[in-house]
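Derivation of every value follows stated rules applied to the coordinates shown; laboratory data play no part. These numbers were taken from a predicted model, which means no experiment stands behind them. Cβ sites come from the backbone with ideal geometry, for glycine too, and all protein chains shown count toward neighbours.
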Amino acid sequence: MTTMASELTGVLPAILIAGPMLGAAVVMIAGRVAPRWFDDALAMVVALGSLAGGCWLTGITGGGRIVEWIGDWQPRHGQSVGIVLVADRMSAGMVVIIAGLMVAVLTYSWHFLEEVDTTYHALLLCFLASMTGFALAGDLFDAFVWFEMMGVVAYALVGMRVEEPRSVHGALGFGIVNTLGASVSLVGVTFLYARTGELNLAAVGRALRAAPTDRLVTVACVFLMSGVLVKAAAVPFHFWTADAEAVAPTPVCALLSGAMVALGVFAVARWWWVVFAGVVDTASMRHALVVLGAVTAVIGGIMCFSQRHIKRLLAYSTVSHVGVFLIGVGLLNGPALAATGLYVAGHACAKAALFLGSGVLLNRFESVDEHELFGRGRALPGTGLIFAVGGLALAGLPPLGTWLGKTLLEEAASSAGATWVVPIILAASVLTGGAVLRVTARVFLGLGPRPEDAGKSRGEQPEAGPFRMLQIVSLLGPGSVLLAASVALAAVPAVRSGAATAAAAFVDTPAYVAQVLGLGSPGPAAAAAEPVWTGSGVGFGLAAAAAAVVVACLGIWAGSLPVAVRRLFRPARVVITGLHAVHEAHVGEYVGWLMVGVAALGCALVF
Amino acid sequence: MFAVLPYLAAGWIFLIGCYGLATSRNLVHAVVSLAVVQSSTYLLLLAVGWKRDATAPVFGDISPGAPVVDPIVQALTLTDIVVGATVSALLLALTIQVAKRHGTIDPEEIRSLEQDSGDDDGQ
């Protein structure tokens, strides 16, 4: 029994990728004759299986790694020609997030997306497989292929409703920008292969550290990182995000915002520690990532607060939070990484719940415009509650998962001597949380003056048929479970210590290389101090939530302030108008900004 | 000089593709420009594996130990071409849908069409 269990854990990473793939194939074949409930049930079984597998993997990896050489092409004396999957606790945690969101999304789609057919379920399962594959890949080219596959499936999912003009256009822009990003990454992969003759992450890292550093490696780092930053939606690579998420079916938005962008940041972290740490200058990388993150957090926050299209607003809030993730990873130390992991998980729960909630609005009122929906949400108290808690989660109210991640991140930043990022993180929380709370107050409570164009329909396509009681359960189920999971992240101490072990193993480059290439025992796992939150962290969290409420009120009642006070906001208005002008562009300009981003990152790292 | 020529060519193709993308006024042209960018990565990969006086890495009729070019990059190029073809097919299919729904494939015009139909993201 024990040997069987250990054999099974040895192949678990491959099963987690092959299972959903196989499920997609079965859905495609059987779905032509089987009824809709069969697609739903099969997809759900596969997603639950992935979730269980991911949880198991998270448990058994501990401070080590599960290394699986596909086809048993084991390395000899540290040399290998095989392809490897590596699961450590951080990547297993990503699998849990991906599969958990998939379960939530499938529960929601069960009743909310009625017109979808077999293809939708097959695409979702392919998306699950490719995201899992990307999280577990231990090989550069393998990662590139998963990256592209994840992209192609996402373009198809975003443009799924081909009868909608905006939907296909959004998908096309998304596709062009992301594919260009993938090509940029591939150039980086090629450079690394040219320099080392290896594609395996551990082998590339080892070879680079054995040889004197040269500029080609730094350039390769710039290209590789730029490519995944496109997927991560970091400024200025982020322009596709709002266009794609404004038009995508809401369950797809939940997956893009909750899981896919986080995988981009995950790849930055993985490639830094395994490949480039000790090769590329750490101080310049730290500056580059933290500054990039700060700019992303602020610009995303401002764009978020100044939207009235709820899905666009949520998309920009994702951009803002990606900035926070990048700051966390960019500090390039274990405690900050552990905090970022918790923050990513908390954010995924909150953001997915919010997107599913906006799906209910779209479904019921055929609109996601904050002004049109003024006061009309009073009929949906459950959805309103999800919006309110989701908004407070984005603001970082204790005891939600985002708060724990944020307070630990702020502490890690202060002890790393980067105190200046604390107000930036706070700004991201307050702006994004404030924006969602403003929507909640206007739509679900009807607070404040009635907007001039309230009640006018703009003709968004509804996603489902008539509204039914069962559909409410179908939303409130996943929404409340997601938010409860967010609370559990903060409340269960094992999660905190687990994140600390995960991060300590993640940043332990020599152990990773030794274990993957089979070069002797990696030694005992690095010990990690359990992160503890402090009373002042709770106070800070409460203050941030209060500030978000104040900002939300400002957003609602700004028009009724005295003229003298309103004059103070004029510079902000100029900034917002300018940013909106930059963002109202077409795909060519997005490509131009992408090149600017690559050049900026290059300047930061090379000089 | 000859040794760096393929790299210069790959860089040139990459940049010209990006230029095409950035200035494109036609979505079919944009998708083809993207294919041009992808072609630069094929050339770059093959250039990395190239060796003077080496032959194709097929050992049916040559003796083991004979100089051959790197087979790995050739496999990567092949995979890359498959991925590129998939992406181009999908994006062109989306372009057809855009043309059907909007009646134009000029990104500038589509943008203004969408703004007229009330998709202002501002206040």
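Computed with the Debye formula from one identical point scatterer per Cα of the stretch B:5-116, without solvent, the log10 of I(q)/I(0) at q = 0.13, 0.18, 0.22 Å⁻¹ comes to -0.63, -0.92, -1.13.
For chain B, complete DSSP H runs whose alpha carbons reach 15 Å or more along their own long axis and whose mean Kyte-Doolittle score is 0.0 or higher are B:5-23, B:27-49, B:71-102. What angle, in degrees between 0 and 90 and rounded to the nearest 10, separates the Cα long axis of helix A:118-136 from the longest principal axis of the Cα atoms of chain A? Computed tilt is about 50 degrees. If R0 is 30 Å, the Cβ-Cβ spacing of A:F38 and A:E163 corresponds to a FRET efficiency of close to 0.75. Each principal axis of the Cα cloud of the protein assembly as shown was taken in turn, and the coordinate range along them, longest first, works out to 84, 59, 58 Å. Each principal axis of the Cα cloud of the stretch A:7-147 was taken in turn, and the coordinate range along them, longest first, works out to 55, 27, 26 Å.
Which net charge results when you count Lys and Arg as +1 and Asp and Glu as -1 among the other residues whose beta-carbon is under 14 Å from that of A:N178? Don't skip to the end; give the middle numbers.
On the way: positive: A:K231; negative: A:E148, A:D243, A:E245.
Residues near A:N178 contribute -2 overall.
This model, with +1 at the C-beta of Lys and Arg and -1 at the C-beta of Asp and Glu, gives the stretch A:7-136 a dipole about its Cα centre of some 300 debye. Pairs from the table (A:K231/B:K100; A:K351/A:K406; A:K231/A:K351) lying more than 22 angstrom apart at Cα are A:K231/B:K100. Reported to the nearest whole Å, the Cα centre-to-centre distance from the stretch A:535-592 to the stretch A:194-249 is 32. Listed peptides A:481-492, A:301-312, A:555-566 appear in the order A:301-312, A:481-492, A:555-566 once ranked by packing, highest mean of other Cβ atoms within 10 Å at the front. Distant-in-sequence amide contacts of A:D139, defined by a placed amide H-H separation under 5 Å and a gap of 5 or more residues or a different chain, comprise A:L201. Relative to the longest principal axis of the Cα atoms of chain A, the long axis of helix A:310-330 lies at roughly 30 degrees.
What average count of beta carbons from other chains do you get within 10 Å of the Cβ of residues in B:94-105? List each step's numbers first, then the result.
Details: counts 15, 4, 2, 11, 9, 1, 4, 8, 4, 1, 0, 2.
Partner Cβ neighbours, averaged per residue: 5.
Just in the stretch A:1-97: which trypsin sites (Lys or Arg not before Pro) are loop by DSSP and have at most 10 other Cβ atoms within 10 Å? If you can, show how the numbers build up before the last one.
Details: sites: A:R32, A:R36, A:R65, A:R76, A:R89; in loops: A:R32.
Passing both the DSSP loop test and the Cβ count: A:R32.
Taking Cα atoms only, the orientation of helix A:140-158 departs from the longest principal axis of chain A by about 20 degrees.
For the stretch A:56-206, with only Lys/Arg (+1) and Asp/Glu (-1) charged at the beta-carbon, what is the dipole magnitude about the Cα centre, in debye rounded to 20? Numbers along the way, then the final one.
Numbers: 7 positive and 12 negative charges, 116 e Å.
Roughly 560 debye for the stretch A:56-206.
With helices as the sole contributors, the protein assembly as shown gives -24500 deg cm²/dmol at 222 nm; each DSSP H run of n ≥ 4 counts as -39500 (n - 2.57), and the sum is divided by every residue.
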